[in-house]
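Single-structure report; data block below.
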Amino acid sequence: MSKFGVMVMGPAGAGKSTFCASLITHLQLNRRSAFYINLDPAAESFEHTPDLDIKDLISLEDVMEEMKLGPNGGLIYCFEFLMENLDFLTEALDSLTEEYLIIIDMPGQIELYTHIPILPTLVRFLTQPGALDIRLCAAYLLEGTFVVDRAKFFAGTLSAMSAMILLEVPHINILSKMDLVKGQIKKKELKRFITPDASLLEDDPADIARRKAGLEVVPQNSNPKDKDAVMSGATFKRLNEAVAGLIETFSMVSYLKLDCTDEESVQSVLSYIDDCIQYHEAQEPRELPEEEYDE
């Protein structure tokens with residue numbers, strides 16, 4: 001019997017735990033069962049008490065003290081220890097029925113989603129047929145306010161694409177905290193960020209501000225070893241254009257909008273998760289009505 005789950009990922013501060021809490025509340029209001037797993041050994045407070053917490057297996061604070069590691073190294077050690085003790089997950093999940101949505105709250109260390117092979121191994125273990133056999137999708141959150149800073153937005157989008165390639169599971173990308181974007185950007189402008197491409201850099205407000213200040217940059221002529229080019233922002237612009245071009249070439253990333261203060265927004269994102277994991281075979285994802293965003 002298959003189980004169903006979503007792995008909530010993204011950089012620190014993206015709103016992962018807030019989204020998990022909103023999702024659990026929504027499921028409870030709609031008489032659906034949730035099983036909440038916290039895999040962030042540094043997390044301290046929760047709106048909903050986790051049904052399974054990695055801190056019951058290993059503590060980041062203890063690892064840092066005993067192994068003399070920093071926060072990032074300590075977190076990697078915690079995950080390596082988890083991979084050596086997978087019975088911790090199996091014993092908790094084995095008896096769950098298909099009525100449950102398993103919600104896995106992940107830490108925000110970006111290394112886990114880019115180049116360290118721990119998460120792909122964990123995903124294979126969770127989804128392996130004949131074992132736990134969880135129909136799993138990944139939900140990658142990126143803070144919606146990044147649309148104001150296009151360099152940050154493309155850096156975050158690159159990490160989202162990296163996670164998609166690394167994990168090889170059904171995947172949705174989410175712009176979170178959209179309630180904070182209202183009043184900062186027009187609806188027409190926001191649509192351009194839903195499916196990112198390199199044209200977003202052509203009218204980058206940061207570049208416009210530089211031109212107004214008389215600091216024109218020409219990335220084609222910039223040399224990373226040239227101090228003046230570095231200080232003028234030319235090499236940084238050249239890097240951003242390369243990243244944006246890569247994202248546009250792969251054409252893999254598009255975003256859903258999420259406002260955790262809006263019940264309909266949470267329901268819409270849940271409908272996409274259900275569609276990814278085939279929770280309801282006949283159900284179609286639910287589209288939200290268009291909202292107005294002002295300058």
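Worth pointing out:
- Cα-based convex hull volume of the range 36-88 per residue, rounded to whole Å³: 72
- Of the residues 140, 77, 36, the one that moves most in a GNM of the chain with alpha-carbon contacts below 10 Å is 77.
- Calculated FRET value between residue 249 and residue 149, using beta carbons and R₀ = 22 Å, to 0.05: 0.45
- Helical segments meeting 15 Å axial Cα length and Kyte-Doolittle -1.0 threshold in the chain (DSSP H): 16-29, 71-83, 150-167, 234-250, 263-277
- Amide H contacts of residue 134 (H built 1.01 Å from N, in plane; Pro and chain starts excluded): 3, 127, 128 sit under 5 Å, all sequence-distant by 5 or more or on other chains.
- Net lengthening on full extension, residue 188/residue 91 (0.36 nm per residue, minus Cα-Cα): 30.0 nm
- When the range 2-124 is reduced to its Cα atoms, the Kirkwood hydrodynamic radius in Å: 15.1
- Dipole check for the chain: with +1 at the C-beta of Lys and Arg, -1 at the C-beta of Asp and Glu, and the Cα centre as origin, the magnitude is about 1100 Debye.
- Centroid-to-centroid separation of the range 127-191 and the range 245-261 [C-alpha atoms, Å]: 6
- Restraint check, 55/191; 186/237; 3/55; 3/188, Cα-Cα greater than 31 Å: 55/191; 3/188
- Listed residues 275, 179, 62, most fluctuating in the chain (Gaussian network, C-alpha, under 10 Å): 62
- Packing here is the average count of other Cβ atoms within 10 Å per residue, and on that basis the peptides 105-117, 7-19, highest first, run 7-19, 105-117.
- When the inverse distances between all different Cα atoms of the chain are averaged and flipped, the Kirkwood radius reads 20.6 angstrom.
- The chain, relative contact order [Cα under 8 Å, separation at least 6], %: 22
- Note on residue 118 and residue 18: the model spin-label points, each 7 Å out from Cα along the C-beta direction, lie 2.6 nm apart.
- Once both labels are positioned 7 Å from their Cα atoms along Cα-to-Cβ, the gap between residue 61 and residue 29 label points is 3.4 nm.
Taken together, the values in this text are just the output of simple stated rules run on the coordinates, not laboratory data. Computed from a prediction, not measured in an experiment: that's the story for all the values here. Positions of Cβ are backbone-derived with ideal geometry, glycine not excepted, and every protein chain shown enters the neighbour counts.
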